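A.B. asks: This is the structure I have questions about; it appears just below.
The values are calculated or read from the model by the stated rules, or taken from the named source; none is laboratory data. Since this is a predicted model, take the numbers as computed values, not measurements. In this analysis, Cβ positions are derived from the backbone assuming ideal geometry, glycine residues included, and neighbour counts consider all displayed protein chains.
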């Protein structure tokens, strides 16, 4: 039985044009939580707003079984994240509720950010800017900054990508535009998806040949501590490491020691091992560029995920199977 009214509760950041489209589709729309205040609602607070909701669009808030239970008419959950880690998908599936996600919504954003980190790191842009603000023009009293903050040109250098999903591919396209050689290690992608952009190699080959190494893998049992002391020792002394994926993919002590000793040239870290806390020792290193988990923070990301949600909702309403449906079994059961 169809609910008497279509009510959308949106806690995600959401494009106003997509909100207008929801209204055209017949939804009453209520916007609260993260997308409005930049502070997430607790599950209890979210549940208090759920009665009467038929469509829930979230991004950060936790959608538990209790949250779903507060809305007997809930028909669809859309999560504005690549993977719906904040939604109890099993509980939704048990209720017959389709869960939509928005994979690759921020792939271009993160890839752009990685290019920026690579240039800033290799050419000492952030170090020079920080020095100029804090200490003025000259270095160590009389040294010209022209000689102190030099770094390698990017053209002709080798970029090593560990992981070749949407972000890795987007970074590879940009690197090719910079005339870089691109190596890829990813045992879960086929040769066809790699060959047009990069050269597929072993992890050992990538680590020993790359001038810049960038991580683009999820954190799981296989990738936790993937770059340990032994593997970091394979890097060139002139190599740079970029991590915008998950901090746990790198052994923290091993990386700190490699940077502090000059074993590798530098690193750019956008993710940390105990966010939002950062161990004070990281601020003592001058060859590390630190940013507070900003890789996916482009203005356009909400436009991308909003469009994905609308597209999949329209597909559902037309009786089709959305391309980004996380639990397609709920539609098979309905049939």
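A.B. asks: All but one of (1) more than 23 Å from residue 319 (Cβ to Cβ); (2) without any contact (Cβ under 8 Å) to a residue 40 or more places away in the chain hold for residue 95; state the number of the condition that does not hold.
C.D. replies: It fails just one condition, (1).
A.B. asks: Mind checking which residues of segment 190-199 are outside any loop (DSSP other than H, G, I, E, B) and out of contact with any strand residue (DSSP E or B) (no Cβ under 8 Å at 6 or more places or on another chain)?
C.D. replies: 192, 193, 195, listed by residue number.
A.B. asks: Moving on. Regarding residue 37, is this residue closer than 23 Å to residue 319 by Cβ and out of contact with any strand residue (DSSP E or B) (no Cβ under 6 Å at 6 or more places or on another chain)?
C.D. replies: no
A.B. asks: Considering only segment 202-219, state which residues are over 9 Å from residue 160 (Cα atoms) and either over 23 Å from the mean Cα position of the chain (by Cα) or surrounded by 18 or more Cβ atoms within 10 Å (Cβ to Cβ) (or both).
C.D. replies: 202, 204, 205, 208, 216, 217
One line per residue, one yes/no per condition, for (1) in contact with a helix residue (DSSP H, G or I) (Cβ under 7 Å, 6 or more places away or on another chain); (2) modelled with pLDDT under 95; (3) part of a helix (DSSP H, G or I):
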| site | (1), (2), (3) |
| --- | --- |
| 18 | yes, no, yes |
| 36 | no, no, yes |
| 47 | yes, no, yes |
| 51 | no, no, no |
| 67 | yes, no, yes |
| 94 | no, no, yes |
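A.B. asks: Checking residue 156 against (1) touching a helix residue (DSSP H, G or I) at 6+ places or on another chain (Cβ under 9 Å); (2) free of Cβ contacts under 8 Å to residues at least 40 places away in the same chain; (3) assigned to a loop (DSSP other than H, G, I, E, B), which test does it fail?
C.D. replies: Tallying (1) touching a helix residue (DSSP H, G or I) at 6+ places or on another chain (Cβ under 9 Å); (2) free of Cβ contacts under 8 Å to residues at least 40 places away in the same chain; (3) assigned to a loop (DSSP other than H, G, I, E, B), residue 156 fails exactly one: (1).
A.B. asks: With the condition kept exactly as written, say whether any residue in segment 301-315 is farther than 25 Å from residue 111 by Cβ, surrounded by fewer than 18 Cβ atoms within 10 Å (Cβ to Cβ) and assigned by TED's automatic domain parsing to the domain that holds residue 21.
C.D. replies: Yes, the conditions are met somewhere in segment 301-315.
A.B. asks: Please pick out the residue among 198, 170 that is crowded, with 16+ Cβ neighbours inside 10 Å, modelled with pLDDT of 95 or more and closer than 18 Å to residue 116 by Cβ.
C.D. replies: After applying the criteria, what remains is 170.
A.B. asks: Of the numbered conditions (1) under 23 Å from residue 59 (Cβ atoms); (2) in contact with a helix residue (DSSP H, G or I) (Cβ under 7 Å, 6 or more places away or on another chain); (3) surrounded by fewer than 20 Cβ atoms within 10 Å (Cβ to Cβ), residue 86 satisfies every one except a single condition; which is it?
C.D. replies: With respect to (1) under 23 Å from residue 59 (Cβ atoms); (2) in contact with a helix residue (DSSP H, G or I) (Cβ under 7 Å, 6 or more places away or on another chain); (3) surrounded by fewer than 20 Cβ atoms within 10 Å (Cβ to Cβ), residue 86 is out only on (2).
A.B. asks: Which ones in segment 125-153 are closer than 30 Å to residue 183 by Cβ and in a loop (DSSP other than H, G, I, E, B)?
C.D. replies: Answer for segment 125-153, where residues must be closer than 30 Å to residue 183 by Cβ and in a loop (DSSP other than H, G, I, E, B): 149, 150, 151, 152, 153.
A.B. asks: Please go through segment 296-333 and pick out each residue that is out of contact with any strand residue (DSSP E or B) (no Cβ under 8 Å at 6 or more places or on another chain) and not in a helix (DSSP H, G or I).
C.D. replies: Selection gives 296, 297, 298, 299, 300, 318, 319, 320, 321, 323, 328.
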